[in-house]
1. For the list (1) of a type outside the set (D, E, K, R); (2) open to solvent by 70 Å² or more (accessible area, probe 1.4 Å); (3) modelled with pLDDT of 80 or more, I need the number of the one condition that Val433 fails.
2. Residues in the range 293-337 that are of a type outside the set (S, T, N, Q), at pLDDT 85 or above and in contact with a Lys or Arg (Cβ under 8 Å, 6 or more places away or on another chain): how many?
3. Any chance the range 82-89 includes a residue that's open to solvent by 60 Å² or more (accessible area, probe 1.4 Å), at pLDDT 85 or above and not small (Gly, Ala, Ser)?
4. Examine the range 383-396 for a residue that is outside any helix (DSSP H, G or I), open to solvent by 10 Å² or more (accessible area, probe 1.4 Å), of a type in the set (Lys, Arg) and more than 23 Å from Lys138 (Cβ to Cβ), and state whether such a residue exists.
5. Of the residues Ala197, Ala237, only one is in contact (Cβ under 8 Å) with a residue 60 or more places away in the chain, within 27 Å of the chain's Cα centre (by Cα) and either at positive phi or assigned to a helix (DSSP H, G or I) (or both); which?
6. Which count do you get for residues in the range 277-315 that are within 30 Å of Ser422 (Cα to Cα) and either over 14 Å from the mean Cα position of the chain (by Cα) or of a type in the set (Ser, Thr, Tyr) (or both)?
7. Determine, yes or no, whether Val254 is under 20 Å from Phe85 (Cα atoms), of a type outside the set (Gly, Ala, Ser) and open to solvent by less than 70 Å² (accessible area, probe 1.4 Å).
8. Being among the aliphatic types (A, V, I, L, M), open to solvent by less than 20 Å² (accessible area, probe 1.4 Å) and closer than 30 Å to Asn27 by Cα is true for just one of Ala151, Ala97, Ala118. Which residue is that?
Amino acid sequence: MAMDTGAFLTKLEMVTTSDHSSVVSMNLFVALLCACIVIGHLLEENRWMNESITALAIGLGTGIVILLTTGGKSSHLLVFSEDLFFIYLLPPIIFNAGFQVKKKQFFRNFMTIMLFGAVGTLISFAIISLGAIHFFQKMNIGSLKIGDILAIGAIFSATDSVCTLQVLNQDETPLLYSVVFGEGVVNDATSVVLFNAIQSFDLYHIDSVIALQFIGSFLYLFITSTMLGVLAGLLSAFMIKKLYFGRHSTDREVALMILMAYLSYMLAELFYLSAILTVFFCGIVMSHYTWHNVTESSRVTTKHAFATLSFVAEIFIFLYVGMDALDIDKWRFISDSPGKSVGVSSILLGLVLVGRAAFVFPLSFLSNLTKNSPHDRISLKQQVTIWWAGLMRGAVSMALAYNQFTRSGHTQLHLNAIMITSTISVVLFSTVVFGLMTKPLVRILLPPSKQITSMISSEPSSPKSVIVPLLSNGHESEADKGSQHVTRPTSLRMLLSIPSHTVHHYWRKFDDSFMRPVFGGRGFVPFVPGSPTEDVVQWH
């Protein structure tokens with residue numbers, strides 16, 4: 001009995017020690033997040049730096065300190081987990097991006113976005129895979145299976161939409177932002193779908209039937225994922241419009257919006273769909289319908305709640321990537337052949353550059369053929385910027401690489417260690433170098449005109465732009481409609497004077513006639529704080 005009690009106390013002491021070390025780690029990590037925010041604020045006006053690079057640099061510095069204090073045993077406070085990334089950190093980032101995106105600009109460029117995001121990703125995937133087969137066989141780094149080669153293509157064709165959000169401005173370069181960011185979201189989804197398909201199909205016996213199955217699987221995932229997000233957004237709008245939770249508590253409205261958004265993401269994961277696409281389109285639908293059905297206080301609260309969650313998740317990801325880059329276990333495996341790791345990283349980086357150029361310029365040419373207005377066409381300078389801004393690789397690439405080349409969080413083979421360290425090197429190099437250079441490149445190639453700058457600064461306020469103009473969602477305000485004498489730049493004036501027989505025109509007619517009476521939205525909910533939705537319903 002005494003021995004049992006002693007063993008129990010020893011076990012309890014071990015658990016307590018483990019819990020205490022976890023608490024210490026979390027304290028340090030939260031303190032680092034605070035430091036990233038403070039330093040990022042101090043560097044706000046710097047033309048080179050952005051939040052992600054600041055967090056990455058702090059993560060690297062912290063990793064070095066931890067390595068020194070632990071005698072080279074560890075470099076990070078938390079163990080990397082794909083679940084942590086895909087289930088907790090990615091949803092708020094992608095949802096907030098959909099919630100903020102200017103829908104008119106996004107859908108006007110929808111075909112271009114789909115061309116870049118789906119077709120472009122497949123072209124990049126093919127070039128990177130073929131390049132990997134050609135170069136890695138000559139390097140003699142080990143026996144890569146066909147599944148590994150194709151997985152490398154999927155991993156490095158995934159652009160970093162998180163970093164894109166921080167290096168491009170939606171108001172200064174609306175066309176670039178909508179194309180690059182929209183492509184990034186579709187690209188991430190396509191890369192994950194490709195990666196999952198590679199793991200589920202028999203790659204040693206590929207024939208026309210398997211190829212058709214692959215295409216069918218991709219289309220099924222894309223369409224069903226999008227529809228699930230749309231349905232989740234519409235359901236939240238309908239419930240809030242009919243039940244009007246704000247009558248008694250605005251907290252219920254806010255909670256329901258957040259939970260419905262997260263539920264859409266988790267349902268997509270449950271049914272093996274593309275959760276990234278689902279939550280992105282859920283954000284678009286919620287900003288169009290649900291957001292206008294809640295009280296004024298709930299609008300302000302949700303706007304800042306979503307933006308804050310996204311902001312913290314972005315910093316968390318880059319801070320951790322910085323620390324994980326110095327994980328000594330992975331580098332110890334390749335210490336006998338550092339030249340091979342450098343060579344593999346250089347080849348992969350070159351393939352990323354070539355793979356992106358191979359689709360951006362040809363697909364831009366095809367896209368321009370379908371545009372009547374010269375203002376809607378993508379100029380050569382814009383094409384160069386789109387090519388450059390999409391070269392960054394980030395947490396999605398790392399998560400997929402860990403999935404393919406690790407076992408239980410640790411590399412077991414020399415080849416796997418080389419691939420993991422090479423992925424980390426590409427992510428760090430592309431984020432820091434390409435990320436640092438994107439802002440200056442945009443300012444050199446596409447300097448903002450004084451007209452556009454003055455237009456942004458004098459934009460009439462709307463509920464979504466009380467504080468952040470980014471959240472205007474491309475809607476014209478009532479003041480806008482009533483004052484036709486407001487000076488606009490030529491491109492915007494042409495946009496507003498385009499003949500009304502367009503897709504957008506027909507969608508607005510359908511939206512006004514059928515969707516808004518059922519699901520609410522701008523024009524159906526009076527902007528009167530605390531008034532029940534069903535008391536006063538206006539047609540705009």
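The values are calculated or read from the model by the stated rules, or taken from the named source; none is laboratory data. On a predicted model such as this, the values are computed, not experimentally measured, just so you know. Please note: Cβ atoms are built from the backbone with ideal geometry, for glycine as well, and neighbour counts cover all protein chains shown. All accessible areas refer to the heavy atoms of the entire protein, side chains included, with ligands and DNA or RNA removed. Shrake-Rupley method; radii C 1.70, N 1.55, O 1.52, S 1.80 Å.
1. (2)
2. Result for the range 293-337: 2.
3. Yes, the range 82-89 has at least one match.
4. No, the range 383-396 contains no residue that is outside any helix (DSSP H, G or I), open to solvent by 10 Å² or more (accessible area, probe 1.4 Å), of a type in the set (Lys, Arg) and more than 23 Å from Lys138 (Cβ to Cβ).
5. Among Ala197, Ala237, only Ala237 is in contact (Cβ under 8 Å) with a residue 60 or more places away in the chain, within 27 Å of the chain's Cα centre (by Cα) and either at positive phi or assigned to a helix (DSSP H, G or I) (or both).
6. Summing the residues that are within 30 Å of Ser422 (Cα to Cα) and either over 14 Å from the mean Cα position of the chain (by Cα) or of a type in the set (Ser, Thr, Tyr) (or both) in the range 277-315 gives 1.
7. The answer is no for Val254.
8. Exactly one residue qualifies, and that residue is Ala97.
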